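S.K.: Pasting in a structure now, in C-alpha cells, and then I'll have a few things to ask.
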Amino acid sequence: MKNQALQKTGNEQAELLTEIGAYLRQVRQLQELSLETVASITKIPVRTLQAIEDGNLEQLPEPVYIQGFIRRYADAIGVDGTEIANAFPTGAIIKPVKSTWKGTFKAQLRPLHLYVLYMLLVVGAVSGLSYTLNRSASQAGRYAYLTKPVSPGQSVAPGSTEFYGPPAPTQIGKTTAKQIAPTTSGKPVRVGLTLTAQSWLRITVDGKTEFEGVLPEGTQRTWEASKQVVVRAGDAGAVLVSHNEDKPQLMGEPGAVEEKQFDASSHASSQSLVSPATTGQNTVL
C-alpha cells in the first residue's frame, strides 16, 4: 500500500513538473531569453533548467531542491516564483487542482481559481507550521539531557547521532558547534562531517538509513560502521568529511549533489549526481 502511494505521488509530481516546465519555457521564449542567460542569473546549471522544462524527474535531485530551482527560475523571468514553486509538491499531496498560472503570464485568474489557490496556500501554511513546531519540540527533548556545554575534549557515546545543544544567545550568528572527539567503539569505519553552510544530508550505516534531513551551518557529526558508511549531500561544497581520522576534505563542488561511500579497507568512492552552477556559488534552497 505504501509503495502504491509513493508511486502515485511520483506520477503526480511528474505531471505537474511537465506542466510547470512547459509554462516556464513559454514565458522564457516570449521574452527571447536563452537557457544560458537564465542559468547566469539563477546560478542553476543549464542541464538542470532543461530537465525542468522537459519535466524529466530522473535528471533532478529530491523534490525539495526541484521546488527551489523552480522558484528561482520563475523569479528570473519575471513571474511569481513562490506561487509556481508551491504548486509542485515535495511529499504526499492531495489531488491538485489545475494550476491558475497556466497560459501566458498575462492571463487573468478567475474567482474560483483564486478561491482554490487560497485554500491550498492555507493548507500548506498550516502543514508547514505543524511540521516546524513538531520538529522544534522533538529537538528540544533531545537537548534536554545536556546540562552544560560540551568541552572540546569531551567524547560522545559510541554510535551516537545526537545533536549538541543550541548556541548561547550571545553567540547567535556564529559557528558554535564544538569538535566531537573520535569515538572508541572499535568499529573499523568512522566518518566525521562538518557543515560550513546549511545542507540536506542522507547517512546510511551498514545498509540502514541513520539520518535524513537538513543540518544547519556549524553542525559536526560522527557516524561509525562495521562495514560501510554512505554519505549523500545536497550541497557537496558545504560539507567537510573525514574518513578514519584523515584530514577533512570537501565532498565536492558548491551546489553539487554528491554521494560518497566509505569502508575500512579503501578510500571513499564518490558519485556526482547534479553538477554545480558554473560560477561555483552554493545553491541555497
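The values are calculated or read from the model by the stated rules, or taken from the named source; none is laboratory data. Note that the coordinates shown come from a computational prediction; the quantities given were computed from them, not determined experimentally. Heads up, the Cβs are rebuilt from the backbone with ideal geometry, glycines too, and the neighbour counts pull from every protein chain shown.
Every residue, every condition in (1) at pLDDT 65 or above; (2) hydrophobic (A, V, I, L, M, F, W, C); (3) surrounded by 12 or more Cβ atoms within 10 Å (Cβ to Cβ), yes or no:
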site	(1), (2), (3)
Val126	yes, yes, no
Ser151	no, no, no
Pro182	no, no, yes
Leu195	yes, yes, yes
Val214	yes, yes, yes
Gln220	yes, no, yes
Ala236	yes, yes, yes
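S.K.: Follow-up question, since we're still on this one. Consider region 43-80. How many of its residues are in a helix (DSSP H, G or I), within 20 Å of Gln198 (Cα to Cα) and not polar (S, T, N, Q)?
M.R.: Residues flagged as in a helix (DSSP H, G or I), within 20 Å of Gln198 (Cα to Cα) and not polar (S, T, N, Q) within region 43-80 amount to 9.
S.K.: Say we look at region 210-268 and pick out the residues that are among the polar types (S, T, N, Q), more than 18 Å from Ala197 (Cβ to Cβ) and not in a loop (DSSP other than H, G, I, E, B); which of these is farthest from the chain's Cα centre (by Cα)?
M.R.: The selected residue is Gln228.
S.K.: Checking Ala74 against (1) at pLDDT 90 or above; (2) more than 25 Å from Glu253 (Cα to Cα), which test does it fail?
M.R.: (2)
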